[in-house]
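Trainee: Before I ask anything, here is the structure I am working with.
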Amino acid sequence: MTAPSRQHTPNPHLGAYYGIITAAFVSLAIMLAMFEQLGWTEGVIARCMILLPLALYLVVAVGSRTLDAEDYFASGRRVPQVYNALVLAAITVGGVGFFAYTGAVFFLGFDALAIGLGWTCGLLLAGVLFVPYLRKAGAYTLPAFLGQRFRSRQLRMAASVAQVVPTTLLLAAEMSIAAVVASIFLPVSFWLAVLLVTLFVAAVGILGGMRALTWSGSAEFITGAVGLAVPLIVVSVLLTHLPAPQFTYGEMFGSLKGAETAAGMLPVTPGDLAPALTGPAPTAVTKPFLQAFGAINEAGFLALFFCFALGTAALPSLLVRSGVTCSVADQRRSTAWALALVALFVITAPSLAVFAKLLMFRDMALAPTAGLPAWLSELNGRQLVQASDLNGDGTLVASEILVLRDRVALTLPMLARLPFVLTATLASAGMAIALAAASSHLFTVSASLADDIYGVLDKRPIALPRLMAAWAAIGACALFTLVFLLIADVDILRMAVTAFAFAAATFFPVLLLALWWPRFTSWGALASLGTGFGILFLAVTVGGLFGIAETAVGTGIAGLIAAVLALGAGVGTSLYGPGPTASETAYYEEMRKPEGETMFDQAQARALTASARETEELSAL
């Protein structure tokens with residue numbers, strides 16, 4: 001008999017609250033623009049534009065604090081679909097997309113679109129293949145679902161350990177880019193910026209878990225979207241006279257091609273699989289924007305696309321949010337909203353790259369060194385570009401202008417000679433998106449360690465010890481990432497490629513089989529999980545010494561090969577090993593039904609009822 005469905009009612013005032021947050025952010029930008037005209041220094045404006053929104057996010061997190069297990073791990077299962085979509089989009093794009101992907105499009109043009117298309121297709125795959133059934137299962141974490149699906153503690157703990165690698169890599173990448181932005185615009189060194197970012201993301205996770213992540217992350221996405229849109233729309237109006245950069249930047253292709261040619265940028269020979277994506281170091285732009293397959297050939301483009309598509313579909317930080325909405329239908333719609341938001345960003349990033357590239361090389365092409373544009377000294381001063389007349393001919397060409405990939409987005413307002421407040425607004429927006437993604441990655445790995453390892457070992461039905469284990473895991477993971485960032489030289493885009501490759505190789509095959517093949521068994525799941533993770537781990541570590549996965553494209557190819565082998569291992573082990581048990585078959589059949597109460601909540605209700613009945617019987621004796 002199915003337990004009666006519980007009603008999860010969202011707060012009816014959420015729209016008003018986030019309207020106030022949006023109005024406060026816009027009002028802050030307007031006030032600082034006025035104060036800039038009155039003589040406020042750029043340092044004061046940057047501190048206000050970055051620190052005040054951070055204080056607002058912390059206020060939201062403090063207001064969302066909780067000690068209830070369902071609120072902490074699943075946000076009470078009452079998040080409206082649109083607000084969950086905002087956080088899903090922030091996790092997918094993150095600071096990696098906001099800064100590194102935009103910079104990659106600036107350098108590689110068409111070739112870099114493999115990343116954005118992969119994100120978009122990956123969300124589509126997740127929404128169709130995984131999300132509805134994970135919502136019906138209702139497990140707090142992805143490893144918990146696998147453990148419940150196959151009634152296996154070993155599989156649950158193995159999956160928890162396996163997800164540490166991709167999630168921690170993305171956590172380090174997001175924290176790194178947030179710290180870089182803070183160190184550019186605030187009077188702090190990089191190591192101090194890393195420490196402050198670490199404290200922020202750890203505080204959000206400890207205060208309210210998934211609940212705090214949801215509501216602070218929604219605020220961060222809104223400010224991030226507004227902060228990106230305003231400067232970009234202003235530049236679009238200046239260049240194309242229309243406030244729709246996604247649809248008008250194509251008008252600039254002719255001018256961009258002329259500026260690239262005048263700056264000495266000629267078509268390059270299409271490469272093979274060896275060349276990597278542009279690194280974070282200052283680099284000259286050598287490839288015309290519209291040239292297809294100039295840095296990456298067709299095979300490399302497809303490898304990156306499928307790596308990001310499969311990795312996004314199986315990314316633990318995204319799938320852990322499959323249980324926070326009110327119903328299966330709401331979760332489907334939430335994923336659709338997130339897909340639309342990510343697709344909008346994917347078609348927006350090229351417009352930013354085109355505008356920045358046009359403004360930069362139109363002014364610089366064959367310009368006399370003595371008459372360089374005023375913005376060049378400003379960009380040099382903020383360590384966004386490096387330019388020098390290397391051959392002493394009195395002109396600058398493309399090869400003499402070195403640009404930092406992860407800081408291209410920040411150059412646009414300066415290139416367009418806009419007020420500094422718009423540069424600070426763009427920096428604040430990118431930092432907000434990076435912090436939202438970092439907080440989610442940190443919570444994902446820490447909640448899994450607490451729920452899937454400590455929770456398996458400690459069977460007491462008491463919430464506080466699990467919450468304390470989650471707090472301790474958050475602190476430990478944050479400290480580990482802090483130390484790693486202080487001692488390692490980080491390329492955030494390369495780390496993101498590796499993380500998505502691990503997600504694709506480790507979790508996509510096992511999820512596909514677990515949700516769509518009733519013959520799949522626990523031994524098959526262990527074989528699939530271990531094969532995918534092990535092969536890619538060897539390719540990245542040992543294989544890197546032999547050139548197998550020394551580039552981003554090579555890592556993507558290794559991830560796809562590992563995913564295929566993991567799929568074969570799961571199928572083969574399930575076919576030639578013991579068949580599924582009756583409980584596994586029953587779980588699979590119930591999970592495939594979209595109607596009814598969440599399976600995990602039903603199990604919790606039955607356990608509470610049995611515990612209450614046992615207590616009554618003992619008291620009667």
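The values are calculated or read from the model by the stated rules, or taken from the named source; none is laboratory data. What you are looking at is a predicted structure, and each value in this text was computed from that prediction instead of being measured. Quick reminder, even Gly has a Cβ in these numbers, built from the backbone with ideal geometry, and neighbours come from all protein chains shown. Please note that ligands, DNA and RNA were not included when accessible areas were found on the heavy atoms of the full protein model with its side chains. Shrake-Rupley method; radii C 1.70, N 1.55, O 1.52, S 1.80 Å.
Trainee: Once the piece of chain linking residue 581 and residue 542 is laid out straight, how much longer is it, given 0.36 nm per residue of separation minus the C-alpha distance between them?
Mentor: Answer, rounded to one decimal: 10.2 nm.
Trainee: Run the numbers on the range 122-174 and let me know its relative contact order in percent, using alpha-carbon pairs under 8 Å that are six or more apart.
Mentor: Averaging sequence separation for qualifying contacts and normalising by length gives 20 percent for the range 122-174.
Trainee: Under a cut-off of 16 Å between alpha-carbon atoms, report the lysines in cross-link reach of residue 136, not counting same-chain residues fewer than 8 places apart.
Mentor: 593
Trainee: How do 43-51, 574-582, 198-206 rank on mean C-beta neighbours within 10 Å, highest first?
Mentor: 198-206, 43-51, 574-582
Trainee: Taking the highest mean first, how do the peptides 85-96, 141-152 order by number of other beta carbon atoms within 10 angstrom per residue?
Mentor: Result, highest mean Cβ count within 10 Å first: 85-96, 141-152.
Trainee: Starting from the exponent 0.38 and prefactor 2.2 Å, build the expected Rg for the chain from its residue count and divide its actual Cα Rg by it.
Mentor: Rg over 2.2 N^0.38 Å, computed on Cα atoms: 0.98.
Trainee: Whose amide H sits under 5 Å from the amide H of residue 284, counting only residues 5 or more places off or on another chain, with H placed in the peptide plane?
Mentor: 403
Trainee: If you don't mind, another one. Cross-link partners among lysines for residue 357, C-alpha distance below 24 Å, same-chain residues fewer than 8 apart left out?
Mentor: The reachable lysines, counting only those whose Cα sits under 24 Å from residue 357, are 257, 287.
Trainee: Still on this structure, please answer the following. To the nearest Å, what is the center-to-center distance of the range 416-440 and the range 442-517, using C-alpha atoms only?
Mentor: Using only Cα atoms, the two centres lie 27 Å from each other.
Trainee: Sticking with this structure for a sec: Ignoring ligands, DNA and RNA, please state the percent of accessible area on the chain from carbon and sulfur, probe 1.4 Å.
Mentor: 69
Trainee: By the scheme Lys and Arg +1, Asp and Glu -1, what is the net charge of all other residues having a beta-carbon under 14 Å from that of residue 200?
Mentor: Once all neighbours under 14 Å are counted, the net charge is -2.
Trainee: Take residue 283 and residue 58, extend 7 Å from each Cα along the Cα→Cβ direction, and tell me the distance between the two endpoints in nm.
Mentor: Once both label points are built, they end up 3.6 nm from each other.
Trainee: Moving to a separate point now. Can you tally the net charge around residue 178? Count Lys and Arg as +1, Asp and Glu as -1, for every other residue whose Cβ sits under 15 Å from the Cβ of residue 178.
Mentor: Taking every Cβ under 15 Å from that of residue 178, the sum is -2.
Trainee: Compute the helix-to-body angle for 81-95: its Cα long axis versus the longest principal axis of the chain, expressed 0 to 90° and rounded to tens.
Mentor: Helix 81-95 sits at roughly 50 degrees to that axis.
Trainee: Follow-up question, since we're still on this one. Given a 1.4 angstrom probe, what's the average accessible area per residue across the chain, in square angstrom?
Mentor: I get 37 Å² per residue for the chain.
Trainee: Take each of the peptides 338-348, 22-32, average the number of other beta-carbon atoms within 10 Å over its residues, and list them starting from the highest.
Mentor: Put in order of decreasing packing, that is 338-348, 22-32.
Trainee: Counting every Cα pair in the range 283-388, what percent are over 23 Å apart?
Mentor: 55
Trainee: Please calculate the 1.4 Å probe accessible area of residue 17, with all protein chains present, and give it to the nearest 10 Å².
Mentor: Ignoring ligands and nucleic acids, residue 17 comes out at about 110 Å².
Trainee: If you don't mind, there's one more thing I want to ask. What are the ³J(HN,Hα) couplings of the range 241-251, residue after residue, when phi is run through the Karplus curve with 6.51, -1.76, 1.60 and θ = phi - 60°? Round to Hz, x for glycine and proline.
Mentor: My calculation for the range 241-251 gives 6, 9, x, 9, x, 5, 10, 10, 5, x, 5 Hz in order.
Trainee: With the Cα gyration tensor of the range 62-137 in hand, give its eigenvalues times 5 under a square root as the equivalent ellipsoid semi-axes, listed largest first in whole angstrom.
Mentor: Equivalent ellipsoid of the range 62-137: 31, 17, 8 Å, largest first.
Trainee: Compute, for the chain, the length of the dipole vector about the Cα centre, with Cβ point charges of +1 (Lys, Arg) and -1 (Asp, Glu) only. Units Debye, rounded to 20.
Mentor: My answer is approximately 1040 debye.
Trainee: Here is a follow-up. Working from Cα positions, state the angle (0 to 90°, nearest 10) between the long axis of helix 463-487 and the longest principal axis of the chain.
Mentor: Roughly 30 degrees, rounded to the nearest 10.
Trainee: How large is the dipole of the range 21-88 about the Cα centre if only Lys and Arg carry +1 and Asp and Glu carry -1, each at its Cβ, rounded to the nearest 20 debye?
Mentor: Using Cβ point charges on Lys, Arg, Asp and Glu, the range 21-88 gives about 100 debye.
Trainee: When you take every Cα atom in the range 428-540, what is the radius of gyration, and what is Dmax, the widest Cα pair distance, in Å?
Mentor: Cα radius of gyration and Dmax of the range 428-540 are 17.1, 50 Å respectively.
Trainee: Of all alpha-carbon pairs in the range 393-478, indicate the percentage at a distance above 16 angstrom.
Mentor: Counting pairs separated by more than 16 Å, the tail of P(r) holds 69 percent.
Trainee: Only Cα pairs under 8 Å and at least 6 apart count here; give the relative contact order of the range 123-214 as a rounded whole percent.
Mentor: Reported as a whole number, the value is 13 percent.
Trainee: Let me ask you something else. Per-residue ellipticity at 222 nm for the chain, helices alone: DSSP H runs ≥ 4 residues times -39500 (n - 2.57), over residue total, nearest 500 deg cm²/dmol?
Mentor: -23000 deg cm²/dmol
Trainee: For the range 142-205 and the range 7-40, what is the separation of their Cα centres, given in Å?
Mentor: 28
Trainee: Something else now. Give the ranking of 168, 555, 541 by solvent-accessible surface, highest area first, calculated with a 1.4 Å probe.
Mentor: 541, 168, 555
Trainee: Going by the alpha-carbon gyration tensor, a ≥ b ≥ c the square roots of its eigenvalues, is the range 1-106 rounded (a/c under 1.5) or, if a/c is not under 1.5, prolate (a/b greater than b/c) versus oblate?
Mentor: The shape class here is prolate.
Trainee: Based only on the alpha carbon positions, what is the Kirkwood hydrodynamic radius of the range 459-509, in angstrom?
Mentor: Hydrodynamic radius (Kirkwood, Cα pairs) of the range 459-509 is 13.7 Å.
Trainee: So if each residue of separation counts as 0.36 nm, and I subtract the Cα-Cα distance between residue 486 and residue 457, what length gain in nm does that give?
Mentor: 7.1 nm
Trainee: Could I ask something else about it? Sequence-distant or interchain residues sharing an amide H contact under 5 Å with residue 385, placed H: which?
Mentor: Correct list: 380.
Trainee: Considering only protein heavy atoms, with the full assembly of protein chains and a 1.4 angstrom probe, order 322, 522 by accessible area, largest first.
Mentor: 522, 322
Trainee: A further question follows. Output the relative contact order of the chain, whole-number percent, from Cα pairs under 8 angstrom with separation of 6+ residues.
Mentor: The normalised contact order for the chain reaches 27 percent.
Trainee: Okay, next question. Taking amide H atoms as placed 1.01 Å from N in the peptide plane, list the residues 5 or more away in sequence, or in a different chain, whose amide H sits under 5 Å from that of residue 296.
Mentor: The list, which skips near neighbours in sequence, is 271.
Trainee: Which FRET efficiency value, to the nearest 0.05, is calculated for residue 589 and residue 128 with the Förster distance at 22 angstrom and r the Cβ-Cβ distance?
Mentor: 0.65
Trainee: Here's a follow-up. Would you check the accessible area of residue 228, probe 1.4 Å, heavy atoms only, in square angstrom rounded to 10?
Mentor: Answer for residue 228: close to 20 Å² accessible.
Trainee: Along the charge dipole of the chain, Cβ charges K/R +1 and D/E -1, which of 473, 38, 66 sits furthest on the positive end?
Mentor: The residue sitting most towards the positive pole is 66.
Trainee: A further question follows. Pop out the ³J(HN,Hα) list for the range 211-222 in order, Karplus 6.51 cos²θ - 1.76 cosθ + 1.60 with θ = phi - 60°, rounded to Hz; leave Gly and Pro as x.
Mentor: 5, 5, 4, 5, 7, 6, x, 4, 5, 5, 5, 4
Trainee: Quickly work out the residue 603-to-residue 336 label distance, labels modelled 7 Å from Cα along the C-beta direction, and quote it in nm with one decimal.
Mentor: It is 3.0 nm.
Trainee: Please report the spacing between the Cα centers of the range 215-271 and the range 533-605 in Å, no decimals.
Mentor: 39
Trainee: Still on this structure: Output the 0 to 90 degree angle, nearest 10, between the alpha-carbon long axis of helix 420-448 and the longest principal axis computed from the alpha carbons of the chain.
Mentor: That works out to roughly 20 degrees.
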